[in-house]
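These notes are about the structure you will find just below.
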Amino acid sequence: MGYSKQIAIWGIGLSMLVAIPAIAQSDNLRSLTLDNQTSSGMMMGSTGGRTSLPAVVSNNDRQNQRCLGFGDPSPDHTLVLKRPFSSVSLRVDSGGGDTTLLISGPGGVRCADSGESGGDVRVQQDGWEAGTYQIWVGTVTPNVNRDYRLIVRGK
């Protein structure tokens, strides 16, 4: 085998080693599981889209609160609760962007926005059943792209 062929094989192997963790990491940034050992975590993403999130999820949440926001029609994140949690808080940190949250799962839809004050949104509610929750992070204005961290804590 020639020298250039060996270099090519090494290059392909090295590129695969670099790509596999990046692929796994992107899934970790979109999904989080809370259980007896893990009660908090963080996911990352970027807002953007022109789809009305209430049209995709629901106009009102389980407390009859109006749902707001624009984003992608597919959920941005998945939260899996392996057991019931008495309280869960989700906080968006985008550096102060006017963000919204829509969460659909066991027990219905939960929505939050920062109201007239603008800025990043936070939801803290009681009574979270075990199961899978789909999460949309949106913005009040369509087609606004903001990178964010979604911090989740369960009690």
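Every number here is computed from the coordinates shown, using simple stated rules; none is lab data. Note that the structure is a prediction, hence the values are computed from the model and not measured. Backbone-built Cβ (ideal geometry, glycine too); neighbour counts: all protein chains shown.
Values computed for the structure shown
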read-out	value
Long-range neighbours under 6 Å by Cβ, at least six apart or interchain, first residue at positive phi within the stretch 103-114, second outside any strand (DSSP E or B)	Gly107/Glu129; Gly108/Arg62
Considering residues of the stretch 99-155 that are part of a loop (DSSP other than H, G, I, E, B) and aliphatic (A, V, I, L, M) only, the residue surrounded by the fewest Cβ atoms within 10 Å (Cβ to Cβ)	Ala130
Subset of the stretch 68-93 (residues that are out of contact with any Gly (no Cβ under 9 Å at 6 or more places or on another chain) and either surrounded by 16 or more Cβ atoms within 10 Å (Cβ to Cβ) or among the aliphatic types (A, V, I, L, M) (or both))	Pro75, Thr78, Leu90, Arg91, Val92, Asp93
